[in-house]
Amino acid sequence: MYGGVYVVRKLIRTFLAAISIAVLMPEVGIPHEIDHESRDQPKLIDHTCAELNSAHKSMRETSKYRETIHDLRPDGTLIEYTTVIIYGAYGYQRYAGETGWDRFNNESPSWQRFTSCTRKDTRTGRRFYATYHHQGHIAGTEVLMTSDGKKVKKVIRRYPRDDEFFPFSTAVSRFDKGPKAVEVPTKYTCGGSPCRL
């Protein structure tokens, strides 16, 4: 009996500690299990993610926004890695520590970016837990959206070790749609070379 009480108390302490970490370090979020089977079937329609995929595609096709991607360190520190500005038919990218921008075509993905979704409504908006797909890589992902489900506020992607898309395993993306944040760079290259007119 006493052993059972001890186990229960230990589980409660562990749960409370996890909540404390999530509160004190909001960037960390909650890890989501990756649906590895979906890696080979990214084009199969997953109705659990219809809302999230639709919002993501709409944002990419019709919005003007800045996405800043950070490396999330184990202690909760965010280290800026790169910035992307999506504006109309083009996107512009600049890595941290560099001054030059590079332009690329803004092409909305024709496949599902998210599968195996779970939605939770909170006071600050909608929260989705899903498996993220991009260029053959997958990641356990947490997506924070506005209450109306129209704007993505933050995305946390956790890639499996040895299968990272970035030079690190956990990436945090923050989005800004303010006028100053989405100003198109006046100088840029195209694929690292001068742009052809």
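Listed here are the strands (runs of 3 or more DSSP E) enclosed by the stretch 102-197 that have at least 2 residues being within 12 Å of the chain's Cα centre (by Cα) and among the hydroxyl-bearing types (Ser, Thr, Tyr): 125-134, 170-176. Consider the stretch 59-99 and keep the residues that are of a type in the set (Asp, Glu) and in a loop (DSSP other than H, G, I, E, B). The one that is nearest to ILE156 (Cα to Cα) is ASP75.
All told, GLN135 meets the bar of being surrounded by fewer than 16 Cβ atoms within 10 Å (Cβ to Cβ) and out of contact with any His (no Cβ under 7 Å at 6 or more places or on another chain).
Every residue, every condition in (1) hydroxyl-bearing (Ser, Thr, Tyr); (2) at pLDDT 95 or above, yes or no:
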{"site": "THR99", "(1), (2)": "yes, no"}
{"site": "TRP111", "(1), (2)": "no, no"}
{"site": "CYS117", "(1), (2)": "no, no"}
{"site": "THR124", "(1), (2)": "yes, no"}
{"site": "TYR132", "(1), (2)": "yes, no"}
{"site": "ILE156", "(1), (2)": "no, yes"}
{"site": "SER173", "(1), (2)": "yes, yes"}
{"site": "LYS187", "(1), (2)": "no, no"}
{"site": "GLY191", "(1), (2)": "no, no"}
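Per this entry, SER147 is counted among residues that are in contact with a strand residue (DSSP E or B) (Cβ under 6 Å, 6 or more places away or on another chain), among the polar types (S, T, N, Q) and more than 18 Å from ILE45 (Cβ to Cβ).
In this structure, is THR170 in contact with a Leu (Cβ under 6 Å, 6 or more places away or on another chain), on the phi < 0 side of the Ramachandran plot and in the same structural domain as SER54 (by TED's automatic domain parsing)? Criteria met by THR170. In the set (1) of a type in the set (S, T, N, Q); (2) within 21 Å of HIS137 (Cβ to Cβ); (3) in contact (Cβ under 8 Å) with a residue 40 or more places away in the chain, the condition left unmet by SER169 is number (3).
Each row is one residue, and each column tells you yes or no for (1) at negative phi; (2) of a type outside the set (Ser, Thr, Tyr); (3) buried (at least 18 other Cβ atoms within 10 Å of the Cβ).
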{"position": "TYR65", "(1), (2), (3)": "yes, no, yes"}
{"position": "LEU72", "(1), (2), (3)": "yes, yes, yes"}
{"position": "ILE79", "(1), (2), (3)": "yes, yes, no"}
{"position": "ILE86", "(1), (2), (3)": "yes, yes, yes"}
{"position": "ALA89", "(1), (2), (3)": "yes, yes, no"}
{"position": "ALA96", "(1), (2), (3)": "yes, yes, no"}
{"position": "THR99", "(1), (2), (3)": "yes, no, no"}
{"position": "PHE104", "(1), (2), (3)": "yes, yes, no"}
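The values are calculated or read from the model by the stated rules, or taken from the named source; none is laboratory data. The structure presented is a predicted model; accordingly, all values stated were derived computationally and were not measured. Here the Cβ is made from the backbone with ideal geometry for all residues, glycine too, and neighbour counts use every protein chain on show.
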